[in-house]
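Notes follow once the structure below has been shown.
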Amino acid sequence: MSTSELAFFTAAGLICYTYAFYPVAIWLLAKLRPTAPAPLLPDEALPAVTAVIAAHNEESRVLNRLNNLRALNYPQDRLHVIFVSDGSTDRTAEVLRGHANVEVIAYPERRGKAHAINTALLTVKTPVVLFCDVRQEARPDALRALVSTLMQPGNGAVSGELVHRTPGTQVAANIGLYWRYEKWIRRSESQARSVVGATGAFYAIRTALFRPLEPGTLLDDFETPMQIVAQGHAVRFDARAEVFDDLQTEMAGERKRKLRTLGGNFQSFARHPWLFMPWRNPIWIEFVSHKVLRLAVPYAMAVALASSLCAGAAWLQALGLLQLVFYGAALAGMNSTLARRNRLVAFAAVFVELNWTALQAGVQFATGRLDTRWDKT
């Protein structure tokens, strides 16, 4: 086997393992361990919960979030709410004051979501904490489902399911397809052993397992669940706990979100080297397969293209030309609304754009240019 062929097969193997073999393998493992959803607990068995919501300049939306929490099918005398106004310059804090079972924490200097969460947890006295964002809406039984699963022995955190409303563009449709693929993997990981991270828009933990976040942490919904896993508890995914949101309709907004998320992965990896230690990380295989290798895929794509184009074998050169066609379609989709109407072109554009963003995130982190500000996308 030539050097070019070895390089191509190694790169192509990494891509196939990451996006095909691992998802199928974890799905098959989950099939060997079928478990029924935890029965919904009656009112008298439900523990007290504190919902923690960090907000910055969300005057127009915080009451909708509060009303949605009040509409949940959960005993309201056992549902406390803490809003943290992180350096808001509008009336976010003022519109919340005076509501029953609502605590408002406000400070003038903007310090980020991690600081807001740490501050709120200092005052939490309930055995369960619910983390949620301002924007999304939860279905009535979502919190009851989370808590019912959380109360099962061995569970330390439970993630809800983010459901995207009907998309309005082909780009949004393909982003939605990617999300469905991602949730399929998370559901399989949950049934097999434990999910790698949680849906930040709606997840619950046992309060005693929380560990303060380092300043500037970008991915609390990854670091907090992984800290819980490190303490010997499982993180589950409960599809009944649905929260609803709108998809990004164009790649610009999705690019900003993914830059932050993927950059946050690099940040967490650098801050917590124990994640890479199999003897300390109970779900090391899932972590490497689901999180680490995805960040290596852009480099594998480049190696696969270069090695096939430089190869002497005609069949490998032909594969190189097919890759060029794929990237050409992606480029057309990124730059033409008309081209994106084709589903295959739109899919190629989303796939390449997401991997290009992963490459950018790595470069930004390595050069100290990663934006750690907590901004809306």
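Descriptive notes on the structure:
- Candidates are the residues of segment 11-63 that are polar (S, T, N, Q) and modelled with pLDDT under 95; the one that is farthest from S289 (Cα to Cα) is S60.
- Here the condition is being under 27 Å from A208 (Cα atoms), in contact with a His (Cβ under 7 Å, 6 or more places away or on another chain) and of a type in the set (A, V, I, L, M, F, W, C); of L122, L79, L66, L46, it holds for L66 alone.
- Of all the residues in segment 335-361, those that are open to solvent by less than 40 Å² (accessible area, probe 1.4 Å), farther than 30 Å from E58 by Cβ and of a type outside the set (G, A, S) number 4.
- Index of the failed condition, T123 passing every other in (1) over 15 Å from G87 (Cβ atoms); (2) touching a helix residue (DSSP H, G or I) at 6+ places or on another chain (Cβ under 7 Å); (3) of a type in the set (V, I, T): (2)
- Residue within segment 362-372 that is in a loop (DSSP other than H, G, I, E, B), exposed (fewer than 14 other Cβ atoms within 10 Å of the Cβ) and β-branched (V, I, T) present: yes
- Only one of the numbered conditions (1) among the hydroxyl-bearing types (S, T, Y); (2) closer than 30 Å to R193 by Cα; (3) out of contact with any strand residue (DSSP E or B) (no Cβ under 6 Å at 6 or more places or on another chain) is violated by T126, and that is (3).
- Of all residues in segment 25-41, those that are closer than 26 Å to D141 by Cα and open to solvent by 90 Å² or more (accessible area, probe 1.4 Å) have Cβ atoms under 7 Å from Cβ atoms of residues that are at pLDDT below 95 and not charged (D, E, K, R), 6 or more apart or on another chain, in R33/Q191; R33/A192; T35/Q191.
The values are calculated or read from the model by the stated rules, or taken from the named source; none is laboratory data. Just so you know, these numbers come straight off a predicted model, no measurement behind them. Backbone-built Cβ (ideal geometry, glycine too); neighbour counts: all protein chains shown. Just so you know, the surface numbers come from the protein's heavy atoms only, side chains and all, with ligands and any DNA or RNA stripped out. Shrake-Rupley method; radii C 1.70, N 1.55, O 1.52, S 1.80 Å.
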